[in-house]
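Working notes, beginning with the structure itself.
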Amino acid sequence: MSEGPEARDWQGNPVQCEGCRHQDLLARGGCQPRRACVNDRYARRIDRFFSLNPDLAPEYLHHPYFEVCAVASTHANRFVLKELMDHPDETVRACVALRLPQALLIKMRNDRDREVRIRVAAALTTSRLSLMMHDPDYYVRVIVARRAHRSVLAQMIDDSESEVRLEVARRLDEKILPAMTLDADARVRAIVASRIAQGLLPRLREDADWRVRLEVGRRIAPEFLSEMANDEDEMVAQLVANRLSVDLTEDHGDGLTQGSEMAEGS
């Protein structure tokens, strides 16, 4: 069953089955006008054609229309895709990046288009990602910070983009995390406060940002809570007050229990 708008090729001309090199496929259901056609400009119809005829995909890897090349690359054997790594269209290169073997994919890490490099960073094995930690595009570096082995994250704690440092702070080894307590972005410091060893929290209890102090108030040892009781932020002060009241109740409860035990013993 045909569907959608009229069939036109990539140059805007009406698609004609007459004269098509794949006329024999029409009778066998290997193609269908306005549904599965390699000559149509719509990617969905091109994709249906190659889904029905994957063996024909290699023949179209150098078609003048980039959509045909891109879709054909998703159906062709991945070991023939090397020839498309330098294709002039970034859409084709992005599709190729999703299917290349790792040994070839690493060669695309310096592609001129950010979208291609994003695909590369998303597909590379973690052991190879460190080679992209200084990519000029911040989002590529965000992906690296999310996926790279934790052992290399220390090299990204001074990244110029806070979104990258946020990802680093979420995954960095706790032994190295104190190095980020003075980060310029309060969101980063708040993550640090949520993960840092409890004994190091006092250094953050006077942080300029309430979000950081809130995290400190949640986790800091009870003996430091009284120093935060008058925090200028209402939410922080309330959190601290709640924790202090719980500690006080527990202390009184222990006293009552001990008193009862002494009375029973007498």
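Report the Cα centroid-to-centroid distance between the range 18-83 and the range 146-165 in angstrom, as an integer. Computed from Cα coordinates, the inter-centre distance equals 42 Å. Looking at the range 163-241, the GluC sites (Glu not before Pro) that sit in a DSSP loop and have at most 14 other Cβ atoms within 10 Å of their own Cβ are 174, 206, 232. On the principal axes of its alpha carbon atoms, the range 6-87 extends 34, 27, 20 Å, with the longest extent given first.
Ignoring solvent entirely, what values of log10 I(q)/I(0) come out of the Debye formula for the range 113-212 at 0.11, 0.13, 0.17, 0.24 Å⁻¹ when each Cα is a single scatterer? Per q value, in the given order, log10 I(q)/I(0) is -0.33, -0.45, -0.71, -1.16.
In this structure, residue 79 and residue 146 have a Cβ-Cβ separation that, at R0 = 45 Å, corresponds to a calculated FRET efficiency of about 0.95. What Kirkwood radius, in Å to one decimal, follows from the Cα pairs of the range 1-150? For the range 1-150, inverting the mean 1/r across all distinct Cα pairs yields 16.7 Å. Annotation: average projected area of the chain is 24.6 square nanometres, based on the convex hull of Cα atoms across all directions.
Based on C-alpha pairs under 8 angstrom that are at least 6 apart in sequence, the range 111-157 has a relative contact order of 35 percent. Mind checking the angle between helix 234-265 and the chain's longest principal axis? C-alpha axes, 0 to 90 degrees, to the nearest 10. With rounding to tens, the tilt is 50 degrees.
Coordinate-derived values only; no laboratory data. Please read all numbers here as calculations on a predicted model, not as lab measurements. Cβ atoms come from the backbone with ideal geometry, glycine included; neighbour counts cover every protein chain shown.
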